[in-house]
Structures are given as C-alpha cells and as structure tokens.
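**Q** Right, I'll just put the structure down here and ask away after.
The values are calculated or read from the model by the stated rules, or taken from the named source; none is laboratory data. Not measured: the values here are computed from a predicted model. Cβ: placed from backbone, ideal geometry, glycine included. Neighbour counts: every protein chain shown. When the accessible area is computed, the model is the full protein with side chains, heavy atoms only, and any ligands, DNA or RNA have been set aside. Shrake-Rupley method; radii C 1.70, N 1.55, O 1.52, S 1.80 Å.
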Amino acid sequence: MLGGIFEIVSEYIRENFVILLDHIGTFAFALSGIRLAAEKEFDWFGAYVVGLVTAIGGGTTRDLLLDVTPFWMLNSSYLIVTAVALLSFVFLKKLIFKLNKTLFLFDTIGLGLFVVVGIEKTLDANYPFWVAIIMGMITGSVGGLIRDVLINEVPLILRRDIYAVACIIGGLVFALCYWLDMNRALINIISASSVMLIRFVAVKYQIQLPTVKHHDVGS
C-alpha cells in the first residue's frame, strides 16, 4: 500500500516538475523573442506575437505531429507567461540590453528546458524513444526558427551553430539516464543541463558544424 502511495506521489511530482520546466522555458523563449523584436523596433503587440510564437511554435508543431490538441489551446497560462515576459522586458529593458548576451542566455535556457518537455510529452503519448528525441529537438528549435523568420534573420538552426545537434545530444543523454533507471526529475535536469552546456561550450570555443560548400564545375 505504501509503495502504491509513494508511486502516486512520485508521479505527481514528476508531472508538475515538467509543467514548471515548461513555463520557465516559455518565459525564457518569449523573452528572447521579445528582445529581438525590440531590436527591430516592433510595437508592443508585434513584440508579444513574436515572443508568443517563439514560446509555443515548437510545442505546437510537436503536438500536431503527435496528433494531439496543441498544448496552449488547453491552458491559457502560456499566453499569460508571455505577457509577463513582455512586461518584464518593458520595465527592465535597460538592464536586459545592458547585460551582455542576454538573448543567447534566454534562448539557451529555453532550448534546454523545451527539449526535456518535448521528450516527456512524447513518451507520455507512448511513442518510442527515437521519436521522443526528434520531438524534443522540434520542441526546442522550431519556435526559434519561426521567430527568426518573422524578424527577417537567418534561423539559428540553419547556421553552423551547434543548435539542433545540441537538442539531439540532450535527448540521447535523457535516454541513457532513463536506461540507467535514474530519478525522472534528475533525468530532466541532467538532460536540459547537457543541452545548455553544449551550447555554452560551442559558442565560447566557436565550435561549429562544417558547411556544405559549392565549387564551380571546371573552376
């Protein structure tokens, strides 16, 4: 009986921990989108739209592929969190612009957390791990891709930066920890941290993927 109660409590903590990660990731991604929109001198509504699309774009794509109702249509909190991110930017704009690499920081935090959320939701839908890893990558990277397209920038995922690859590695770390039967909350933390660490190291040491180069025939 005690074992059953412990299992129920553990499951409750796990589910709410994922929800917490989801909302923190939403705030971080929304803020990264709003900051970029501010650099392009968007108005408040435009900045909110860019922030919202950044926050929900990847998860919406994931849910459509998994044939489930997009998450934000079932819970208005994601719209509210984005509004909080916009207000936070408005009142702390000078501080946010003053701090170096705040865009990179918020984007990296959102990336790591959303990879975990995508994997968890895919596993909960009873898909195999390889699908979960792909969905983790989609959840983490597609929102940023849509954001960059909206503000007329070359998407990070299409540049040489270690971005989508970091998501995949984070998914593999998740799978390894899961195979080792580690605590699920700990798995989430380790997996998200691995994505962030890879991004930080790649940018710091300018580690990039090789480009596909075109050479003129006969040159």
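**Q** Please specify each residue of the range 35-55 satisfying the condition of being farther than 15 Å from V149 by Cβ and within 15 Å of the chain's Cα centre (by Cα).
**A** A55
**Q** Tell me which of these Y78 doesn't satisfy, since it passes every other one: (1) on the phi > 0 side of the Ramachandran plot; (2) surrounded by 15 or more Cβ atoms within 10 Å (Cβ to Cβ).
**A** Unmet for Y78, out of (1) on the phi > 0 side of the Ramachandran plot; (2) surrounded by 15 or more Cβ atoms within 10 Å (Cβ to Cβ): (1).
**Q** Something else about it: Could you list, ordered by first residue, the pairs with Cβ atoms under 7 Å in which the first is in the range 81-96 and assigned to a helix (DSSP H, G or I) and the second is of a type in the set (V, I, T), at least 6 apart or interchain?
**A** Once the first residue is assigned to a helix (DSSP H, G or I) and sits in the range 81-96, its partners that are of a type in the set (V, I, T) give V81/T26; T82/T26; A85/I34; L86/I34; F89/I34; F89/I96; I96/T102.
**Q** Any residue at all in the range 101-116 that's in a helix (DSSP H, G or I), farther than 23 Å from L197 by Cα and out of contact with any strand residue (DSSP E or B) (no Cβ under 6 Å at 6 or more places or on another chain)?
**A** No, every residue in the range 101-116 fails to be in a helix (DSSP H, G or I), farther than 23 Å from L197 by Cα and out of contact with any strand residue (DSSP E or B) (no Cβ under 6 Å at 6 or more places or on another chain).
**Q** If you scan the range 34-70, which residues turn out to be without any contact (Cβ under 8 Å) to a residue 60 or more places away in the chain, part of a helix (DSSP H, G or I), among the hydrophobic types (A, V, I, L, M, F, W, C) and within 21 Å of G118 (Cβ to Cβ)?
**A** Listed by number, the residues that qualify are L52, L64.
**Q** Then there's this: Which members of the range 148-199 meet the condition of being open to solvent by 80 Å² or more (accessible area, probe 1.4 Å) and within 23 Å of A30 (Cα to Cα)?
**A** Hits for the range 148-199 are V149, L150, N152, V154, L158, R159, I189, L197.
**Q** Give me the pairs, please: first residue somewhere in the range 150-172 and touching a residue at least 24 places away in the same chain (Cβ under 8 Å) and more than 21 Å from Y48 (Cα to Cα), second residue anywhere and open to solvent by 90 Å² or more (accessible area, probe 1.4 Å) and among the hydrophobic types (A, V, I, L, M, F, W, C), beta-carbon distance under 7 Å, and either six or more positions apart or on two chains.
**A** Pairs that qualify, where the first residue is touching a residue at least 24 places away in the same chain (Cβ under 8 Å) and more than 21 Å from Y48 (Cα to Cα) and the partner is open to solvent by 90 Å² or more (accessible area, probe 1.4 Å) and among the hydrophobic types (A, V, I, L, M, F, W, C): there are none.
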